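First the structure, in the form of C-alpha coordinates, and then the observations on it.
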Amino acid sequence: MRYDRSRLLFAVVFAMALLLEGCSSETTLQQPLPNKTVIEQAQQANDIYPPARPILMGFSQLGSESDWRRANTASIIDSAEEAGIELLFENAEQSQEKQVEALRSFIDKQVDVIALAPVVHSGWEVVLKEAKDAGIPVIISDRSVDVSDSSLFVTHIGSDFYEEGRKAGKYLLDKMSNEAGKVEIVELRGTEGSSPSIQRGQGFEDTLKDNERFHMLRSESANFTFEQGKETMRVFLREHGDDIRVLFSHNDDMALGAIEAIEEFGLKPGVDIFIISVDGTRKAFEKLAEGKINCVVECNPLLGPNIMQAVQELIAGRTLPKRIFPSESVFTQQTAEREVDQRKY
Ligand code: AHR
(Lines give C-alpha, C1' and ligand atoms only; values in the text may rest on other atoms or scores of the structure.)
Protein backbone atom coordinates (compact mmCIF):
# COMPACT_ATOMS: atom_id res chain seq x y z
CA MET A 1 0.00 0.00 0.00
CA ARG A 2 2.77 2.46 0.99
CA TYR A 3 4.61 1.44 -2.17
CA ASP A 4 1.59 2.23 -4.42
CA ARG A 5 1.00 5.64 -2.83
CA SER A 6 4.64 6.59 -3.14
CA ARG A 7 4.72 5.56 -6.79
CA LEU A 8 1.67 7.72 -7.41
CA LEU A 9 3.31 10.69 -5.66
CA PHE A 10 6.47 10.11 -7.68
CA ALA A 11 4.50 10.19 -10.95
CA VAL A 12 2.57 13.32 -9.90
CA VAL A 13 5.78 15.14 -8.99
CA PHE A 14 7.37 14.36 -12.36
CA ALA A 15 4.23 15.27 -14.27
CA MET A 16 4.15 18.65 -12.46
CA ALA A 17 7.79 19.28 -13.31
CA LEU A 18 7.17 18.49 -16.98
CA LEU A 19 4.20 20.86 -17.02
CA LEU A 20 6.28 23.60 -15.41
CA GLU A 21 8.92 23.21 -18.03
CA GLY A 22 6.34 23.46 -20.84
CA CYS A 23 6.72 21.85 -24.23
CA SER A 24 10.09 23.38 -25.10
CA SER A 25 12.83 20.98 -26.14
CA GLU A 26 15.51 23.60 -25.45
CA THR A 27 16.63 25.00 -22.12
CA THR A 28 19.03 27.74 -21.11
CA LEU A 29 20.58 26.97 -17.77
CA GLN A 30 20.74 30.39 -16.22
CA GLN A 31 19.36 28.96 -13.02
CA PRO A 32 19.51 25.39 -11.68
CA LEU A 33 16.97 23.15 -13.39
CA PRO A 34 13.70 23.18 -11.44
CA ASN A 35 13.75 19.48 -10.79
CA LYS A 36 16.40 19.29 -8.08
CA THR A 37 13.37 19.57 -5.83
CA VAL A 38 11.71 16.94 -7.94
CA ILE A 39 14.49 14.51 -7.17
CA GLU A 40 14.37 15.37 -3.47
CA GLN A 41 10.60 14.87 -3.38
CA ALA A 42 10.98 11.64 -5.27
CA GLN A 43 13.61 10.50 -2.77
CA GLN A 44 11.20 11.11 0.13
CA ALA A 45 8.32 9.57 -1.74
CA ASN A 46 9.62 6.16 -2.68
CA ASP A 47 12.34 3.66 -2.32
CA ILE A 48 13.29 3.33 -6.01
CA TYR A 49 15.50 6.43 -6.09
CA PRO A 50 18.36 6.79 -5.35
CA PRO A 51 19.73 3.48 -6.63
CA ALA A 52 21.42 1.20 -4.08
CA ARG A 53 24.92 1.94 -5.44
CA PRO A 54 26.51 5.13 -6.80
CA ILE A 55 25.73 6.00 -10.42
CA LEU A 56 28.61 4.91 -12.67
CA MET A 57 29.37 7.32 -15.52
CA GLY A 58 31.94 7.05 -18.32
CA PHE A 59 33.18 10.39 -19.64
CA SER A 60 35.19 10.62 -22.84
CA GLN A 61 36.98 13.97 -22.95
CA LEU A 62 38.44 14.97 -26.31
CA GLY A 63 41.75 16.40 -25.09
CA SER A 64 43.54 19.11 -23.12
CA GLU A 65 44.37 21.58 -25.88
CA SER A 66 43.35 24.80 -24.15
CA ASP A 67 42.68 26.56 -20.83
CA TRP A 68 38.99 26.24 -21.66
CA ARG A 69 39.32 22.45 -21.95
CA ARG A 70 41.27 22.16 -18.70
CA ALA A 71 38.57 24.17 -16.89
CA ASN A 72 35.93 21.94 -18.47
CA THR A 73 37.69 18.77 -17.28
CA ALA A 74 38.11 20.14 -13.74
CA SER A 75 34.44 21.13 -13.65
CA ILE A 76 33.36 17.61 -14.65
CA ILE A 77 35.64 15.81 -12.19
CA ASP A 78 34.75 18.11 -9.26
CA SER A 79 31.01 18.03 -9.93
CA ALA A 80 30.95 14.24 -10.24
CA GLU A 81 32.66 13.98 -6.87
CA GLU A 82 30.25 16.46 -5.30
CA ALA A 83 27.25 14.61 -6.70
CA GLY A 84 28.57 11.24 -5.51
CA ILE A 85 28.74 9.95 -9.08
CA GLU A 86 31.49 7.45 -9.79
CA LEU A 87 33.43 8.67 -12.83
CA LEU A 88 35.44 6.69 -15.36
CA PHE A 89 37.36 9.48 -17.13
CA GLU A 90 39.27 9.00 -20.40
CA ASN A 91 41.21 11.75 -22.20
CA ALA A 92 41.55 11.00 -25.94
CA GLU A 93 44.12 13.72 -26.69
CA GLN A 94 42.39 14.77 -29.96
CA SER A 95 41.91 11.24 -31.32
CA GLN A 96 38.43 10.20 -32.44
CA GLU A 97 39.66 6.61 -32.58
CA LYS A 98 40.59 6.75 -28.89
CA GLN A 99 37.18 8.23 -28.08
CA VAL A 100 35.46 5.33 -29.87
CA GLU A 101 37.67 2.88 -27.91
CA ALA A 102 36.77 4.64 -24.65
CA LEU A 103 33.05 4.44 -25.41
CA ARG A 104 33.37 0.73 -26.18
CA SER A 105 35.18 0.13 -22.90
CA PHE A 106 32.40 1.98 -21.04
CA ILE A 107 29.83 -0.24 -22.77
CA ASP A 108 31.81 -3.37 -21.78
CA LYS A 109 31.87 -2.15 -18.18
CA GLN A 110 28.09 -1.61 -18.32
CA VAL A 111 28.20 1.93 -16.98
CA ASP A 112 24.85 3.59 -16.18
CA VAL A 113 25.45 6.57 -18.45
CA ILE A 114 28.05 7.80 -20.95
CA ALA A 115 29.01 11.43 -21.59
CA LEU A 116 30.91 12.28 -24.74
CA ALA A 117 32.72 15.54 -25.62
CA PRO A 118 33.37 14.74 -29.30
CA VAL A 119 36.54 16.01 -30.96
CA VAL A 120 34.92 16.18 -34.42
CA HIS A 121 31.36 16.57 -35.65
CA SER A 122 30.87 13.46 -37.79
CA GLY A 123 31.56 9.72 -37.60
CA TRP A 124 29.71 8.79 -34.40
CA GLU A 125 26.70 6.82 -35.67
CA VAL A 126 28.14 3.31 -35.25
CA VAL A 127 29.45 3.61 -31.69
CA LEU A 128 26.42 5.57 -30.48
CA LYS A 129 24.19 2.83 -31.89
CA GLU A 130 26.25 0.27 -29.92
CA ALA A 131 25.60 2.25 -26.72
CA LYS A 132 21.90 2.51 -27.53
CA ASP A 133 21.65 -1.24 -28.23
CA ALA A 134 23.34 -1.89 -24.86
CA GLY A 135 20.65 0.30 -23.21
CA ILE A 136 23.16 2.95 -22.05
CA PRO A 137 22.01 6.57 -22.40
CA VAL A 138 24.52 9.01 -23.90
CA ILE A 139 24.82 12.71 -23.04
CA ILE A 140 26.68 14.89 -25.54
CA SER A 141 28.84 17.48 -23.81
CA ASP A 142 30.23 20.73 -25.31
CA ARG A 143 30.65 20.00 -29.07
CA SER A 144 27.85 18.55 -31.17
CA VAL A 145 27.61 15.33 -33.19
CA ASP A 146 26.23 15.10 -36.70
CA VAL A 147 23.91 12.07 -36.62
CA SER A 148 20.76 11.48 -38.64
CA ASP A 149 19.07 9.58 -35.78
CA SER A 150 18.69 11.97 -32.86
CA SER A 151 17.58 9.13 -30.55
CA LEU A 152 21.26 8.10 -30.38
CA PHE A 153 21.76 10.59 -27.56
CA VAL A 154 19.44 11.85 -24.83
CA THR A 155 20.57 15.44 -24.59
CA HIS A 156 23.28 17.83 -25.73
CA ILE A 157 24.61 20.20 -23.07
CA GLY A 158 26.82 22.92 -24.54
CA SER A 159 27.12 26.31 -26.20
CA ASP A 160 25.53 27.60 -29.38
CA PHE A 161 28.70 28.01 -31.46
CA TYR A 162 26.91 29.46 -34.48
CA GLU A 163 25.51 32.21 -32.24
CA GLU A 164 29.02 32.86 -30.87
CA GLY A 165 30.26 33.46 -34.43
CA ARG A 166 27.31 35.77 -35.06
CA LYS A 167 28.02 37.73 -31.88
CA ALA A 168 31.63 38.22 -33.03
CA GLY A 169 30.44 39.39 -36.46
CA LYS A 170 27.85 41.76 -35.01
CA TYR A 171 30.42 43.33 -32.70
CA LEU A 172 32.73 43.91 -35.65
CA LEU A 173 29.96 45.43 -37.79
CA ASP A 174 29.15 47.80 -34.99
CA LYS A 175 32.74 48.81 -34.16
CA MET A 176 33.85 49.29 -37.74
CA SER A 177 30.79 51.21 -38.86
CA ASN A 178 32.76 54.47 -39.04
CA GLU A 179 35.93 53.06 -40.55
CA ALA A 180 36.43 53.98 -44.19
CA GLY A 181 37.55 51.52 -46.87
CA LYS A 182 38.00 47.79 -46.96
CA VAL A 183 38.40 45.87 -43.70
CA GLU A 184 40.85 43.00 -44.19
CA ILE A 185 40.24 40.09 -41.79
CA VAL A 186 42.31 37.04 -40.85
CA GLU A 187 40.77 34.10 -39.03
CA LEU A 188 42.34 31.47 -36.77
CA ARG A 189 40.00 28.51 -36.90
CA GLY A 190 39.83 25.68 -34.38
CA THR A 191 40.35 21.97 -35.01
CA GLU A 192 39.32 20.94 -38.54
CA GLY A 193 35.98 19.14 -38.58
CA SER A 194 35.06 20.18 -35.02
CA SER A 195 31.64 21.76 -34.49
CA PRO A 196 32.91 24.99 -32.83
CA SER A 197 35.25 25.60 -35.74
CA ILE A 198 32.60 24.91 -38.38
CA GLN A 199 29.78 26.80 -36.65
CA ARG A 200 31.69 29.81 -35.32
CA GLY A 201 33.17 30.32 -38.78
CA GLN A 202 29.74 30.05 -40.39
CA GLY A 203 28.04 32.41 -37.93
CA PHE A 204 30.76 35.02 -38.43
CA GLU A 205 30.69 34.72 -42.21
CA ASP A 206 26.88 34.88 -42.41
CA THR A 207 26.79 38.05 -40.32
CA LEU A 208 29.28 39.90 -42.51
CA LYS A 209 28.45 38.51 -45.94
CA ASP A 210 26.07 41.29 -47.02
CA ASN A 211 28.58 44.02 -46.29
CA GLU A 212 31.16 44.24 -49.07
CA ARG A 213 33.64 46.24 -47.00
CA PHE A 214 34.57 43.16 -44.99
CA HIS A 215 36.97 40.81 -46.72
CA MET A 216 38.38 37.53 -45.42
CA LEU A 217 42.06 37.71 -46.36
CA ARG A 218 43.18 34.42 -44.79
CA SER A 219 41.56 31.69 -42.72
CA GLU A 220 43.59 28.76 -41.32
CA SER A 221 43.17 26.15 -38.62
CA ALA A 222 45.50 26.56 -35.64
CA ASN A 223 43.92 23.68 -33.71
CA PHE A 224 42.78 25.77 -30.72
CA THR A 225 46.35 25.91 -29.34
CA PHE A 226 48.58 28.81 -28.25
CA GLU A 227 51.63 27.59 -30.19
CA GLN A 228 49.83 27.04 -33.48
CA GLY A 229 47.98 30.34 -33.06
CA LYS A 230 51.31 32.15 -32.70
CA GLU A 231 52.93 30.32 -35.61
CA THR A 232 49.97 30.79 -37.98
CA MET A 233 49.70 34.50 -37.12
CA ARG A 234 53.43 34.87 -37.88
CA VAL A 235 52.74 33.44 -41.35
CA PHE A 236 49.74 35.78 -41.88
CA LEU A 237 51.89 38.77 -40.89
CA ARG A 238 54.83 37.72 -43.08
CA GLU A 239 52.53 37.44 -46.07
CA HIS A 240 50.12 40.33 -45.50
CA GLY A 241 51.74 42.55 -42.84
CA ASP A 242 50.10 45.94 -42.44
CA ASP A 243 47.10 44.99 -44.61
CA ILE A 244 45.58 43.02 -41.70
CA ARG A 245 43.04 45.09 -39.78
CA VAL A 246 41.10 42.40 -37.85
CA LEU A 247 41.83 39.01 -36.29
CA PHE A 248 38.91 36.72 -35.47
CA SER A 249 40.28 33.90 -33.31
CA HIS A 250 38.05 30.90 -32.56
CA ASN A 251 39.50 30.68 -29.05
CA ASP A 252 41.54 32.59 -26.47
CA ASP A 253 44.63 30.36 -26.55
CA MET A 254 45.16 31.05 -30.27
CA ALA A 255 44.46 34.77 -29.72
CA LEU A 256 47.08 34.92 -26.95
CA GLY A 257 49.63 33.25 -29.23
CA ALA A 258 48.71 35.67 -32.03
CA ILE A 259 49.21 38.67 -29.72
CA GLU A 260 52.84 37.59 -29.18
CA ALA A 261 53.33 37.24 -32.95
CA ILE A 262 51.82 40.70 -33.58
CA GLU A 263 54.10 42.31 -30.98
CA GLU A 264 57.15 40.53 -32.41
CA PHE A 265 56.19 41.98 -35.80
CA GLY A 266 56.18 45.46 -34.31
CA LEU A 267 52.43 46.13 -34.40
CA LYS A 268 50.08 46.91 -31.51
CA PRO A 269 47.45 44.21 -30.81
CA GLY A 270 44.05 45.76 -30.12
CA VAL A 271 45.07 48.99 -31.87
CA ASP A 272 46.74 48.25 -35.22
CA ILE A 273 45.00 44.90 -35.38
CA PHE A 274 41.53 44.67 -33.87
CA ILE A 275 41.13 41.31 -32.06
CA ILE A 276 37.96 39.36 -31.35
CA SER A 277 38.28 36.06 -29.49
CA VAL A 278 36.02 33.36 -28.06
CA ASP A 279 36.00 31.65 -24.60
CA GLY A 280 36.52 34.20 -21.82
CA THR A 281 39.47 32.81 -19.88
CA ARG A 282 41.10 34.89 -17.18
CA LYS A 283 44.25 35.33 -19.32
CA ALA A 284 42.16 36.73 -22.17
CA PHE A 285 40.38 39.07 -19.74
CA GLU A 286 43.74 40.40 -18.62
CA LYS A 287 44.61 41.19 -22.26
CA LEU A 288 41.18 42.73 -22.73
CA ALA A 289 41.78 44.98 -19.71
CA GLU A 290 45.24 45.91 -21.12
CA GLY A 291 43.61 46.90 -24.43
CA LYS A 292 45.31 44.12 -26.43
CA ILE A 293 42.04 42.26 -27.18
CA ASN A 294 38.94 44.24 -28.20
CA CYS A 295 36.13 41.77 -27.58
CA VAL A 296 35.66 38.32 -26.03
CA VAL A 297 32.59 36.25 -26.83
CA GLU A 298 32.04 33.97 -23.87
CA CYS A 299 31.88 30.17 -24.21
CA ASN A 300 31.19 28.61 -20.83
CA PRO A 301 33.29 25.51 -19.93
CA LEU A 302 31.76 24.97 -16.48
CA LEU A 303 29.33 22.30 -17.64
CA GLY A 304 29.98 19.80 -14.83
CA PRO A 305 27.06 20.76 -12.53
CA ASN A 306 24.61 20.75 -15.44
CA ILE A 307 25.83 17.36 -16.64
CA MET A 308 25.62 15.76 -13.17
CA GLN A 309 22.15 17.14 -12.64
CA ALA A 310 21.09 15.75 -16.01
CA VAL A 311 22.57 12.36 -15.09
CA GLN A 312 20.67 12.24 -11.81
CA GLU A 313 17.43 13.18 -13.51
CA LEU A 314 17.95 10.59 -16.19
CA ILE A 315 18.54 7.87 -13.62
CA ALA A 316 15.47 9.06 -11.73
CA GLY A 317 13.47 8.43 -14.90
CA ARG A 318 12.92 11.98 -16.08
CA THR A 319 12.90 12.98 -19.76
CA LEU A 320 15.48 15.69 -20.47
CA PRO A 321 15.23 18.57 -22.95
CA LYS A 322 17.08 17.62 -26.13
CA ARG A 323 19.24 20.75 -26.01
CA ILE A 324 20.58 22.54 -22.91
CA PHE A 325 22.53 25.81 -23.29
CA PRO A 326 24.73 27.44 -20.63
CA SER A 327 24.24 31.20 -20.23
CA GLU A 328 26.92 33.34 -21.90
CA SER A 329 27.82 37.01 -22.50
CA VAL A 330 29.98 39.24 -24.67
CA PHE A 331 32.75 41.21 -22.94
CA THR A 332 34.49 44.38 -24.10
CA GLN A 333 37.40 46.44 -22.81
CA GLN A 334 34.92 48.57 -20.83
CA THR A 335 33.66 45.58 -18.84
CA ALA A 336 36.95 43.67 -18.56
CA GLU A 337 38.51 45.39 -15.58
CA ARG A 338 35.37 44.97 -13.52
CA GLU A 339 35.02 41.30 -14.47
CA VAL A 340 38.59 40.00 -14.49
CA ASP A 341 38.68 39.05 -10.80
CA GLN A 342 35.42 37.16 -11.09
CA ARG A 343 36.74 34.78 -13.73
CA LYS A 344 36.80 31.24 -12.43
CA TYR A 345 39.07 29.84 -15.15
O1 AHR B 1 34.64 23.09 -27.88
C2 AHR B 1 34.92 24.26 -27.21
C3 AHR B 1 36.22 24.82 -27.69
O4 AHR B 1 37.23 23.86 -27.55
C5 AHR B 1 36.73 26.03 -26.94
O6 AHR B 1 36.32 27.24 -27.49
C7 AHR B 1 38.19 25.87 -27.13
O8 AHR B 1 38.98 26.71 -26.34
C9 AHR B 1 38.32 24.44 -26.88
O10 AHR B 1 39.53 23.90 -26.97
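The values are calculated or read from the model by the stated rules, or taken from the named source; none is laboratory data. Being a predicted model, the structure only gives us computed values, none of them experimental. Using ideal geometry, Cβ is built from the backbone for each residue, glycine included, and neighbour counts are taken over all protein chains shown. For the accessible areas, the whole protein counts, side chains as well, though only heavy atoms, and no ligand, DNA or RNA atoms are used. Shrake-Rupley method; radii C 1.70, N 1.55, O 1.52, S 1.80 Å.
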Fill in the blank from the handout: Selection over region 64-84 where residues are open to solvent by less than 10 Å² (accessible area, probe 1.4 Å) and in contact with a Leu (Cβ under 9 Å, 6 or more places away or on another chain) yields a count of 4
Fill in the blank from the handout: Per the list (1) assigned to a loop (DSSP other than H, G, I, E, B); (2) open to solvent by 40 Å² or more (accessible area, probe 1.4 Å), residue check on TYR162 breaks on (1)
Handout entry: Members of region 148-159 found to be open to solvent by 60 Å² or more (accessible area, probe 1.4 Å) and touching a residue at least 40 places away in the same chain (Cβ under 8 Å), listed by number
Key = SER150
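Could you tell me which of the residues SER150, SER105 is closer than 22 Å to ARG318 by Cα, more than 16 Å from the ligand (Cβ to nearest atom), of a type outside the set (Asp, Glu) and not assigned by TED's automatic domain parsing to the domain that holds PHE226? I'd like the intermediate steps shown before the answer.
Numbers: SER105 fails: closer than 22 Å to ARG318 by Cα.
When all the criteria are applied, what remains is SER150.
Quick grid of which residues meet (1) of a type outside the set (A, V, I, L, M); (2) touching a Cys at 6+ places or on another chain (Cβ under 7 Å); (3) away from the ligand (no atom under 16 Å from the Cβ); (4) open to solvent by less than 10 Å² (accessible area, probe 1.4 Å):
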site	(1), (2), (3), (4)
MET233	no, no, yes, yes
ASP243	yes, no, yes, no
GLU263	yes, no, yes, no
LYS268	yes, no, yes, no
PHE274	yes, no, yes, no
SER277	yes, no, no, yes
LYS287	yes, no, no, no
ILE307	no, no, no, yes
Completion exercise
Picked from region 245-261 (must be farther than 15 Å from ASN294 by Cα and more than 16 Å from the ligand (Cβ to nearest atom)), the residue surrounded by the most Cβ atoms within 10 Å (Cβ to Cβ) is ALA261
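I'm trying to understand the selection: among the residues of region 127-147, which are touching a residue at least 24 places away in the same chain (Cβ under 8 Å) and away from the ligand (no atom under 16 Å from the Cβ)? Full working, then the answer.
If we filter region 127-147 for residues that are touching a residue at least 24 places away in the same chain (Cβ under 8 Å), which is where we start, we get 127-128, 130-131, 134, 136-146.
Residues satisfying the conditions are VAL127, LEU128, GLU130, ALA131, ALA134, ILE136, PRO137, VAL138.
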